[in-house]
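Reading through the structure tokens given below for one structure.
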Amino acid sequence: MVLVVVLLVAAFAAGSARAERPPLPWAPVDPTLAGVLSPVRGTSMSTECSPEPGLCSLRLHAPDGRGVAVRLAARPDERFFGMGERFGSLDLGGQVLENRSQDGMGDETGTSYSPTPFLLSSRGYGIQVDTTADLTADLATPGEISVDIAASDTVIDVLTGPDPATVLTRRAALIGMPTVPPDWGLGVWKSLIGGPARVLADTDRLTADGVPLDAVWIYDLVDPVSGLGWSWPIYRPVPLGQYPDPAALIAALHRRGVKVLGYLSPFLVPGTPGFGAAAARGYLVRNPDGSIYTEPWMYADRRAYLDFTNPAATVWWQDRLRYAVGVLGFDGAMQDYGDQAPTEARYADGTPGDLMRNIYPLLYARAARQAVQSVRPDATVLFARSGYTGSQAWVTGRFTGDQTRDWDPHTGLPSVLAGMLNGSVSGWPYWGPDIGGFIDGDDGTDRDRGLWDRWVQLGALSPTMRDMLGVQADPVGVASDPSTVATFRGYARLHQALIPYLSRLAAEAGATGRPLMRPLWLQDATDPTAWTIENQYLLGPDVLVAPVVTAETTRTGVYLPAGRWRDYWTGLEHPGRTWVTVDAPAQHIPLFTRAGSALVLPPPDALGLPTSGT
């Protein structure tokens, strides 16, 4: 019997960690990375270290104008993390990554919705490249990391410290500490569409069913004055609605104690009033010949980009957003797109398009945050898809882009965790995935109840719990039947119990840059096994989550870091730095809390989750 248990644990562990030997623990390194980082291909380098500990700047120059390049010596056991929101695997080893902001769904594109040239090594350092230029980080060659930057001059900041948490704090001090969202921004949000009567009826029905709600997100609420709203049908079960009086609907929802989020993008669509006004004033990105740059979008429509390098254009756009928040009463919005700024276009301040591709998400985020802050300071939430170095200080939420509604490890549910964790290491601390995904999967699993259950569980144990009504024909959703209502309600209750804890973590993030979702090694860098764990995370120091992201899994191995841990579902306590095997039935996410912590969660029976087969 003992042998069987040992074999089971070993088998589960093999699915959770790489088979190679674990890395050596985090250790002090030379702050200049002498013996690790070398300039190559004619690049010259000078070094300047700050009087403050843990920061040295390497100034690189390529006299031939070909772009600077460096190589980093890599040990066989070394792990690498960060580089923005990266899908597929937490450890970036074996990949070739591009520092280019574009629609980067999946782990095979090499790009990202929100790249940032920050690489953290388990060896004991991080590097931040001060550039908006294209950059290629080749982590696929054994023994070395190649970093090639399409700029003749740049600076690499080397960050060191006693542990990776200190490195993240030192980096956040360089690029900007995250903005702290209001408490409700870490709550339970429900996507609702279909017009005022339906939105209010659905809200009331959810409330009557005991589902706790902090906010509703109404993406089809189109307002021509502010420019908010999505006007193309994508979710087949519910037709888009008409909203003749947005302020009245928002006020009615506020009376119900619910915040209201809309939909924001940087685009202007030809044929709309906003496009006409922006075009007449010269506020849109242009082609090299001076004509307005447009590109195909939804159905037969086209889209133009607001030119955020034009100060007058930015103020005009901000005034529209101020109207949405200050007059209509919106409490925030999804801040979509921003990650595909055209490289061939002409921008008002003369910035080349190949640099604007990465600058645009930052300008977009800053303009939006400044607008809402000027009307309702510290009371709104903008949750963004795109980002770049520096945008961490301007957004109060992130979503993970356009996942497919399936188990695909590259683009479906399994890809989400690595994206959120590498994004967290890269400086964005507040994540909420699209529960249920965005696009129907190619394998026809839009009615896969088990998939939806597992997505609800991951969403509930993320900083924000939010579902999505995406490009889907006939999906399982919250209101599909009484058991789906019970599942969402139960996990929403669990998430709401976490809000005080999440709010404390958010305040910590705003002061230190430490994320809410943490790889295990961020809590204990001295544990070699912690560096190998790909499919678990800590939500702050006291909650350990092992989401199930593979089909038909009902039992799994969980690695417990240092300390003592209490199984939420069984109440059993276990010592740390060991593997345990736990049941993971359809309605249960493997979940542990640190023994002795002050965290108070409702008992499992109080969640009212459906039993198997109901």
Legend entry - Exclusive hit being open to solvent by 10 Å² or more (accessible area, probe 1.4 Å) and either outside any helix (DSSP H, G or I) or at pLDDT 95 or above (or both), set PRO429, PRO377, PRO433: PRO377
Inset, instruction - Would you confirm whether any residue within the range 22-33 is farther than 28 Å from VAL167 by Cβ and either open to solvent by 40 Å² or more (accessible area, probe 1.4 Å) or modelled with pLDDT of 80 or more (or both)? - result: no
Inset, instruction - Might you let me know whether the range 76-83 holds any residue that is over 28 Å from the mean Cα position of the chain (by Cα), surrounded by fewer than 24 Cβ atoms within 10 Å (Cβ to Cβ), over 15 Å from LEU37 (Cα atoms) and in contact (Cβ under 8 Å) with a residue 12 or more places away in the chain? - result: yes
Inset, instruction - Determine the pairs where a residue that is more than 29 Å from MET177 (Cα to Cα), located within the range 485-513, has a partner that is of a type in the set (Ser, Thr, Tyr) with Cβ atoms under 9 Å apart, the partner being 6 or more residues away or on another chain. - result: ALA486/THR614
Inset, instruction - Filter the range 358-374 down to residues that are open to solvent by 30 Å² or more (accessible area, probe 1.4 Å) and either within 18 Å of the chain's Cα centre (by Cα) or of a type in the set (S, T, N, Q) (or both), then give me how many there are. - result: 5
Inset, instruction - Give the residue, chosen from VAL478, VAL485, that is under 25 Å from ARG454 (Cβ atoms), aliphatic (A, V, I, L, M), at pLDDT 95 or above and not in a helix (DSSP H, G or I). - result: VAL478
Legend entry - LEU451 vs. criteria more than 15 Å from the chain's Cα centre (by Cα), under 24 Å from THR169 (Cβ atoms) and open to solvent by less than 10 Å² (accessible area, probe 1.4 Å): no
Legend entry - Every pair of residues 6+ apart whose Cβ atoms lie under 7 Å, when the first sits in the range 184-197 and is closer than 20 Å to ARG236 by Cβ while the second is among the acidic types (Asp, Glu) and in a loop (DSSP other than H, G, I, E, B): ILE193/ASP220
Inset, instruction - Pull up the range 53-75, narrow it to residues that are of a type in the set (Gly, Ala, Ser) and in a strand (DSSP E or B), then point me to the one that is surrounded by the fewest Cβ atoms within 10 Å (Cβ to Cβ). - result: ALA73
Legend entry - Scope the range 294-324; condition open to solvent by 20 Å² or more (accessible area, probe 1.4 Å), over 17 Å from VAL222 (Cβ atoms) and over 27 Å from the mean Cα position of the chain (by Cα); matching residues: THR294, ALA300, ARG302, ASN310, PRO311, ALA312, VAL315, TRP316, ASP319
Inset, instruction - Mind listing whichever residues of the range 325-344 are over 25 Å from the mean Cα position of the chain (by Cα) and assigned to a helix (DSSP H, G or I)? - result: GLY326, VAL327, LEU328
Inset, instruction - All but one of (1) farther than 30 Å from ILE250 by Cα; (2) at pLDDT 95 or above hold for VAL327, so report the exception by its number. - result: (1)
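The values are calculated or read from the model by the stated rules, or taken from the named source; none is laboratory data. All of these numbers come straight from a predicted model, not from anything done at the bench. In this analysis, Cβ positions are derived from the backbone assuming ideal geometry, glycine residues included, and neighbour counts consider all displayed protein chains. Ligands, DNA and RNA are excluded from the accessible area calculation, which covers all protein heavy atoms including side chains. Shrake-Rupley method; radii C 1.70, N 1.55, O 1.52, S 1.80 Å.
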